[in-house]
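Below is one structure; the comments refer to it alone.
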Amino acid sequence: ERAARLTPGGRPRRRSGVNTLVGLEALRVGVEGKALLWRSLLAVAVHDTRLQTGRLAELLERAGQQLTALDSLHSRAASALISADAPA
């Protein structure tokens, strides 16, 4: 994220509210993908004793908590962006 803000002259650009929203959305996509992986592995774990269903369930739960946190952060960032853009 920091590297993306660098300009050719080496001076960092300011982070905008839109960049924050896009970053949170990208994180959400990653966490959703991770949750899908845990769900898939849980389905396979019924037939494969090498997979620990308890651990996979914990990972899936944690992904759900991360999604909840990201949704909250996204809502706050979107509200702040709208408030900043609203005419005085």
Looking at (1) open to solvent by 60 Å² or more (accessible area, probe 1.4 Å); (2) among the aliphatic types (A, V, I, L, M); (3) in contact (Cβ under 8 Å) with a residue 40 or more places away in the chain, can you tell me which one residue 36 breaks? (3)
Residue 7 fails exactly one of the following numbered conditions: (1) among the β-branched types (Val, Ile, Thr); (2) modelled with pLDDT under 95; (3) open to solvent by 60 Å² or more (accessible area, probe 1.4 Å). What is the number of that condition? (3)
Conditions (1) in contact (Cβ under 8 Å) with a residue 12 or more places away in the chain; (2) not in a helix (DSSP H, G or I): number failed by residue 23: (2)
Find the residue count for region 39-60, including only residues that are surrounded by 12 or more Cβ atoms within 10 Å (Cβ to Cβ) and either modelled with pLDDT under 85 or assigned to a loop (DSSP other than H, G, I, E, B) (or both). 2
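The values are calculated or read from the model by the stated rules, or taken from the named source; none is laboratory data. A quick note: this is a predicted structure, and the numbers were derived from the prediction, not measured. Cβ atoms come from the backbone with ideal geometry, glycine included; neighbour counts cover every protein chain shown. When the accessible area is computed, the model is the full protein with side chains, heavy atoms only, and any ligands, DNA or RNA have been set aside. Shrake-Rupley method; radii C 1.70, N 1.55, O 1.52, S 1.80 Å.
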